[in-house]
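Structure record follows, encoded as structure tokens.
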Amino acid sequence: MVFAGSINKEIVSWIGTAGGRAAGLSGKDGRLVTAEKVGRSEPDPNVGIERKVDLGFVGEPVAVDCTILDTLAKAGIIPVIAPIANGADGTTYNINADTMAGAIAAATGASRLFLLTDVAGVLDKSGALVAEAHPADIAALKADGTISGGMIPKLDTCVAAVQSG
């Protein structure tokens, strides 16, 4: 559990060095996030039907309990949350960090959600940055292949967060 261990604590340390107060958590702490196993289907070219693919211990958030976040916020402490959570049966799941951040943003009623990436962002067909997009725009850009790969979960997360308030 590198995310909930050394990486999480390193970020907490950086915040402390900058003068802030932070606490390292995961979605497991205080039952912050409850996850569900992600299932995926893909076409089997040999038989022409869909088959289920087991992604192992990959999950997605299905519930967020903000109690621990509210307590930390009242104390002026910044939560640093690793994207790991338990399922209802106690199984530990790894969650896409963007997806988890979006679920927490929606549950807390955050006014802003910032997602970091190591790419330029969403580029249109001519290579220009798409500076603003609404949910309908995102659906169209996904459908025409403009949005692909790792940008899909980021933008799906943004749409879900906006639609959740």
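With a 1.4 Å probe and every protein chain kept in, tell me what percent of the accessible surface of the chain is carbon plus sulfur. List each step's numbers first, then the result.
On the way: 5790 of 10190 Å².
It is 57 percent, rounded to a whole number.
Any chance you could tell me what percent of the C-alpha pair distances in segment 12-105 go past 16 Å? Kindly include the intermediate steps, with their values, before the conclusion.
Details: 2617 of 4371 pairs.
Result: 60 percent of Cα pairs exceed 16 Å.
In square angstrom, what is the accessible area per residue of the chain with a 1.4 angstrom probe?
Values: 10190 Å² over 165 residues.
For the chain, the per-residue accessible area is 62 Å².
Please state the charge dipole magnitude for the chain, taken about the Cα centre, from unit charges on C-beta atoms (+1 on K and R, -1 on D and E), reported in debye and rounded to the nearest 20.
Numbers: 13 positive and 18 negative charges, 91 e Å.
Roughly 440 debye for the chain.
Could you point to the residue in Gly56, Thr91, Ala106 farthest towards the positive end of segment 42-127's charge dipole, with +1 and -1 charges on the Cβ of Lys/Arg and Asp/Glu respectively?
Ala106
Over the chain, what is the relative contact order in whole percent, taking alpha-carbon pairs under 8 Å and six or more residues apart? Let's see the in-between values first.
Numbers: 237 pairs, mean separation 34.2, N = 165.
Normalised by residue count, the contact order of the chain is 21 percent.
Mind checking which lysines have their Cα closer than 26 Å to the Cα of Lys142? Skip sequence neighbours fewer than 8 apart in that chain.
Within the straight-line cut-off, Lys142 pairs with Lys37, Lys52, Lys125, Lys154.
The values are calculated or read from the model by the stated rules, or taken from the named source; none is laboratory data. No experiment lies behind these values; they were computed from the predicted model shown. Quick reminder, even Gly has a Cβ in these numbers, built from the backbone with ideal geometry, and neighbours come from all protein chains shown. Accessible surface areas use protein heavy atoms only, side chains included; no ligands, DNA or RNA. Shrake-Rupley method; radii C 1.70, N 1.55, O 1.52, S 1.80 Å.
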